[in-house]
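Asks: Take this structure, written in structure tokens, and hold onto it; I'll ask about it next.
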Amino acid sequence: MLTFTLRRLLLAIPTLLLISLVIFLLVDLAPGSPASEIPLTVPPEVREKILEALGVNEPVHIRYLLWLKQFFWVEPLNGFDAVFGTNYAEGMQRIISYQSRSPVFPIIGERLPQTLTVIGTAYLVGVLIALPIGIYSAYRQYSLFDQAGTLFAMIGFSVPTFFTGTLFIIIFAVWLGWFPTKYNTTLEVVDWETFLAQLRQMAMPVMVLGLANAAAISRYMRSSMLENMGQDYVRTARAKGMPERTVVLKHVLRNSLIPVVTVIALGIPTIFGGAIITENLFGVNGIGAALIQAIRGNDLPMVQTLAFIFAILIVVFNLIADLIYGMLDPRIRYD
Amino acid sequence: MTDTNTDLRPPETLRSAVWAQFRKHKGAMFGLVVLGLLVVFSVLGPLVWQPEKLSVAEALRSKNLPPSFAHPMGTDHLGRDQMQRMMLAGRVSLAVGFVAMVIAVVLGTLIGVLAGYFRRLDGALMRLTDMFLALPLIPLLLVMVMLFRDRVAGYIGPEMGAFLLIVSAIGITSWMQAARIVRGEVLALKEREYVLASRSIGATPKRVILRHILPNVISPVMVAATLCVAEAIITESVLSFLGLGFPPDFPTWGRLLFEGLDYMESYPARVIFPGLAISLTVLSVNYIGDGLRDALDPRIRGR
């Protein structure tokens with residue numbers, strides 16, 4: 001297990017490097033670079049100075065290596081300094097956003113909690129809805145409940161979140177007036193009042209994302225349960241007179257959860273991508289909204305960094321899913 | 001066991017067997033009908049439904065009309081007939097879905113066959129597939145469209161440019177599933193006796209692949225292709241929804257929804273119709289894919 005973990009970690013490094021190169025080159029070689037933003041009337045020597053100030057006059061491989069160094073060395077050092085009050089990173093060049101002229105990472109750090117509260121709650125809600133639906137659908141296969149669940153899952157797969165989101169806004173915010181249409185990022189939870197306000201403004205984005213996730217996870221849960229229901233050990237458990245509850249919720253559920261847990265882990269990075277839409281629709285000021293702002297503003301360092309963070313999330317959670325699968329299922333042996 | 005074949009009906013062809021199984025799937029038939037209606041609505045609709053052209057003064061008076069007999073879906077903020085725009089948008093949305101699917105499937109099949117058939121290419125191509133699977137697709141698509149839109153538009157015009165850019169961007173970021181499925185199938189198929197027989201009489205790899213392997217991977221590819229259409233339509237509407245898709249004069253369903261957002265509170269119909277169109281298309285395509293999977297699976301068919 002340990003060797004497998006180490007091998008997978010080592011394999012993840014070249015993958016990440018390759019991805020970082022792709023992201024860097026795609027964004028860097030695009031026509032919308034800062035050089036094309038400078039008016040042609042600017043004299044060439046001033047132009048040279050501007051480019052130098054932006055740090056884009058070096059050849060591309062040097063800039064790539066510098067960016068890697070900033071991403072993996074300078075920024076973590078800065079984080080270390082901020083936490084422990086040291087100053088190891090003093091004088092080192094950080095990744096600077098073109099838009100705000102300040103380092104990229106503190107901006108992301110400010111945005112991240114917004115994303116995590118909304119997305120994290122949404123995923124949790126989605127899982128909590130999905131598991132009972134999947135379990136009961138499988139237990140009563142082809143029943144009315146199961147068919148309703150199938151329909152719900154199919155709709156959840158097919159209706160894009162931006163449409164469910166707009167529908168929710170129209171129904172719950174405009175017609176019924178239960179929830180605010182826009183998320184208020186500046187709201188601070190200090191007492192019961194503000195806590196309720198926070199709950200109300202989170203309700204819609206959480207429901208939209210939660211339902212979309214619940215659809216897929218409930219399907220996996222159902223098929224995994226069905227696979228286990230027909231196994232011999234289930235018949236044995238019933239034959240020796242175990243209550244039905246224990247058979248289903250202890251024996252079958254435990255074994256069926258193994259693949260579902262990996263699916264849940266695999267789904268985490270994709271919801272960050274999906275959150276871009278929800279954040280924009282509801283005005284949640286998270287990293288998804290930051291990415292869209294950066295793209296609109298041609299803020300290349302910000303775009304590169306955010307896209308690479310998304311990629312790291314995907315690779316890391318793939319790795320976690322693999323490891324969890326190996327740990328939970330003793331039949332899987334990697335070495 | 002020599003003459004059990006007393007049944008005089010003509011032997012069942014594969015195609016009719018698949019169709020018979022497909023028809024049993026209620027969802028799939030529903031999907032086929034709905035998708036058919038949507039295609040007719042967008043492809044033939046604009047030929048039949050041609051609201052009269054309005055002068056600027058008339059258009060100003062007829063803006064933001066609710067649904068009526070003359071305008072079944074109302075008019076938009078510039079007095080344009082919403083139903084005609086829905087039809088034209090449907091053409092683009094469906095075209096994006098199908099063209100992107102074709103690109104993704106061709107690319108995926110090519111890579112899958114190469115990886116499955118030629119062992120030397122397998123490792124490299126599968127690492128490439130893994131890498132593409134780990135790319136954050138929506139952010140990258142947004143970046144690609146945003147950064148390259150003006151450049152491409154300069155060469156072939158804003159509309160065609162946006163179409164080609166979006167279609168190829170979606171196509172080259174969604175071939176991975178098809179490639180994995182095809183590779184798996186090819187790995188199993190190439191060990192079969194008939195492939196060995198074909199190779200032993202001196203068939204070139206090209207002939208073996210084209211004559212013996214490709215026809216046998218068609219069914220899983222078809223299922224992957226339907227899912228790809230659904231995915232591509234959603235991706236395009238996400239791009240349009242974020243305002244980074246097609247130019248404003250070139251409506252797609254996602255774009256109409258995006259434009260409707262500003263008027264959502266007063267005229268919800270303007271958001272609901274395009275949203276419904278996207279959802280129904282994707283839903284029916286997914287159901288068709290479901291039905292195809294059942295119909296093409298010999299273990300389920302004929303039971």
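Asks: Using only alpha carbon positions, build the gyration tensor of the protein assembly as shown, then give the equivalent ellipsoid semi-axes as the square roots of 5 times its eigenvalues, largest first, whole angstrom.
Replies: 41, 34, 30
Asks: Ignore the peptide's own chain and count Cβ atoms of other chains within 10 Å of each Cβ in A:15-28; give me the average, rounded.
Replies: 3
Asks: Could you tally up the Lys pairs in the protein assembly as shown with alpha carbons closer than 27 Å? Skip any pair fewer than 8 positions apart unless they're on separate chains.
Replies: Count of close lysine pairs: 4.
Asks: Enter the buried accessible area of the B/A pair, total of both sides, probe 1.4 Å, in Å² rounded to the nearest 100.
Replies: Using a 1.4 Å probe, the pair buries roughly 3400 Å².
Asks: Let me ask you something else. Once you order the gyration tensor axes a ≥ b ≥ c over the Cα atoms, which shape class does region B:201-303 get: rounded for a/c under 1.5, otherwise prolate or oblate by comparing a/b with b/c? Let's see the in-between values first.
Replies: Numbers: a/c = 6.32, a/b = 2.20, b/c = 2.87.
Judged from the Cα gyration tensor, region B:201-303 comes out oblate (a/c at least 1.5, b/c at or above a/b).
Asks: Take region B:117-169, drop everything but the C-alpha atoms, weight them equally and run the Debye formula without solvent; then report log10 I(q)/I(0) at 0.18, 0.21, 0.28 Å⁻¹ to two decimals.
Replies: Debye output, listed in q order: -0.67, -0.75, -0.97.
Asks: A further question on this structure: Looking only at other chains, what is the average number of their beta-carbon atoms within 10 angstrom of each beta-carbon in B:143-153?
Replies: Neighbouring Cβ atoms belonging to other protein chains average 5 per residue here.
Asks: Using alpha-carbon pairs under 8 Å, 6+ residues apart, how would you state the relative contact order of region A:107-207 in percent? Write out the running numbers ahead of the final one.
Replies: Details: 50 pairs, mean separation 31.8, N = 101.
That works out to 31 percent.
Asks: Moving on. Accessible area per residue of chain B at 1.4 Å probe, in Å²?
Replies: Ligands and nucleic acids excluded, the result is 52 Å² per residue.
Asks: Just to be sure I understand: with springs between alpha-carbon atoms less than 10 Å apart, which residue in A:Gly267, A:Gly297, A:Gly286 has the highest mean-square fluctuation in the Gaussian network model of chain A?
Replies: A:Gly297
Asks: Next question. Just to be sure I follow the definition: excluding the sites themselves, where is the longest run in chain A that has none of the trypsin sites (Lys or Arg not before Pro) in a DSSP loop with at most 14 other Cβ atoms within 10 Å? The partial results should precede the final answer.
Replies: Working: sites that count: A:Arg101, A:Arg140, A:Lys182, A:Lys240, A:Arg331, A:Arg333.
Within chain A, the longest run free of exposed trypsin sites (Lys or Arg not before Pro) spans A:1-100.
Asks: Sorting A:Asp146, B:Asp249 by accessible area (1.4 Å probe), largest first, what list results?
Replies: Sorted descending by solvent-accessible area, the residues read B:Asp249, A:Asp146.
Asks: Along the charge dipole of the protein assembly as shown, pointing to its positive end and built from +1/-1 on Cβ of Lys, Arg, Asp and Glu, which listed residue (B:Pro136, B:Thr235, B:Val43) has its Cα farthest out?
Replies: Result: B:Val43.
Asks: Related question: Can you list the residues of region A:118-161 that have at least 30 square angstrom less accessible area with all protein chains present than in their chain by itself, probe 1.4 Å?
Replies: A:Met154, A:Ser158, A:Pro160
Asks: Next question, about the same structure. What does the helix-only formula give at 222 nm for chain B: each DSSP H stretch with n ≥ 4 adding -39500 (n - 2.57), the total divided by the residues, and the result rounded to the nearest 500 deg cm²/dmol?
Replies: Numbers: 13 runs with 212 residues, N = 303.
Computed ellipticity for chain B at 222 nm equals -23500 deg cm²/dmol.
Asks: Looking at chain A, I'd like the Rg to Rh ratio, where Rg is from alpha-carbon atoms and Rh is Kirkwood's inverse mean 1/r.
Replies: Checking Rg against Rh, the ratio lands at 1.05.
Asks: Ok, one more. What's the carbon and sulfur percent of the protein assembly as shown's accessible surface, probe 1.4 angstrom, rounded to a whole number?
Replies: 65
Asks: Under a GNM of chain A (C-alpha, springs under 10 Å), which listed residue has the highest mean-square fluctuation: A:Leu144, A:Leu319, A:Leu128?
Replies: Comparing A:Leu144, A:Leu319, A:Leu128 in the GNM, the peak value goes to A:Leu144.
Asks: What net charge do the residues around A:Thr150 carry, taking every other residue with its C-beta under 9 Å from that of A:Thr150, with Lys and Arg at +1 and Asp and Glu at -1?
Replies: Working: positive: A:Arg219, A:Arg222; negative: A:Asp146.
Neighbour charge sum, excluding A:Thr150 itself: +1.
Asks: Among A:Gln141, A:Gln198, A:Gln231, whose mean-square fluctuation peaks in a Gaussian network model of chain A (Cα, cutoff 10 Å)?
Replies: A:Gln231
Asks: Another question, then. Report the relative contact order of chain B, percent, no decimals, based on alpha-carbon pairs under 8 angstrom and at least 6 residues apart. Before the final figure, lay out each step's value.
Replies: Values: 394 pairs, mean separation 79.5, N = 303.
Reported relative contact order: 26 percent.
Asks: Now, a different point. Name the residues of region B:240-262 whose accessible area, probed at 1.4 Å, falls by at least 10 Å² once all protein chains are in place instead of their chain on its own?
Replies: Buried-area filter returns B:Phe241, B:Leu242, B:Leu244, B:Leu257, B:Leu261.
Asks: Now a separate question. With contacts defined as alpha carbon pairs under 8 Å and 6 or more residues apart, what's the relative contact order of chain A in percent? All intermediate terms of the calculation are to be shown ahead of the outcome.
Replies: Numbers: 342 pairs, mean separation 85.5, N = 335.
The value is 26 percent.
Asks: First select every other residue whose beta carbon is under 14 angstrom from the beta carbon of B:Leu283; then total the charges, Lys and Arg +1, Asp and Glu -1.
Replies: Cβ neighbours under 14 Å give a net charge of -1.
Asks: About its Cα centre, what dipole magnitude does region B:166-290 give when the only charges are +1 on Lys and Arg Cβ and -1 on Asp and Glu Cβ, stated in debye to the nearest 20?
Replies: With only Lys, Arg, Asp and Glu charged at Cβ, the dipole is about 920 debye.
Asks: Could you work out, residue by residue across A:286-297, how many beta carbons of other chains sit within 10 Å of that residue's beta carbon, and then give the average as an integer?
Replies: The mean count of partner-chain Cβ atoms within 10 Å per residue comes to 3.
The values are calculated or read from the model by the stated rules, or taken from the named source; none is laboratory data. Please read all numbers here as calculations on a predicted model, not as lab measurements. When we count neighbours, we look across all protein chains shown, and the Cβ atoms used for this are built from the backbone with ideal geometry, even at glycine. With ligands, DNA and RNA removed, areas are computed over all heavy atoms of the protein, side chains included. Shrake-Rupley method; radii C 1.70, N 1.55, O 1.52, S 1.80 Å.
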